[in-house]
Each structure stands twice: as C-alpha cells, then as structure tokens.
1. For n ≥ 4 DSSP H runs only, could you compute -39500 (n - 2.57) per run for the chain, divide by its residues and tell me the 222 nm figure to the nearest 500?
2. Percentage of Cα-Cα pair distances in the chain greater than 21 Å, rounded to whole percent?
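Readers should treat all values here as calculations from the given coordinates under stated rules, not as data from a laboratory. Just so you know, these numbers come straight off a predicted model, no measurement behind them.
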Amino acid sequence: MPNPHDFASMTALICFEAAARNMSFKAAAQEMNVTPAAISHQVKALEQNLGCALFIRRHRGVELTEKGAFLLVALQ
C-alpha cells in the first residue's frame, strides 16, 4: 500500500485525476504544464503501486477502467 506521505504518490494521483477528468493525457499535460509523457509515467507508476490498470489506452485517447472510474469518484 502506498505511503500516504509519499509526495510522488500524491503527484501521481493529481496526474491521474487530471487525465481521467479530461479523458486525455495530452489535455491533462497542457493543464498541468508538463508533457504527455510525464502524465503517462505518473499514471503507470500509480497503476504499478495499486496493482491494477486504471486506463484502457487506445490509439486515439484513453478510457477509464471500472477501477479507474471508482478511483476518480473517490478523489472527487
């Protein structure tokens, strides 16, 4: 389980929330003033920490998995 005081985990959650809300890593990156690759790396790290996929990555964007949708609701 991630340490609640781990700022890397907090950054990953913030990146996840922006990507999930926008349904786009690119839009989340623009919002946070980082690259889409940075958002992708943070989301991958969060998925590894949690042990589950949060997004289904498509050629033209992303969509939330069921667990991703639950996490977004919990964060909001």
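1. That calculation yields -20000 deg cm²/dmol at 222 nm.
2. Across the chain, Cα pairs with separations above 21 Å total 16 percent.
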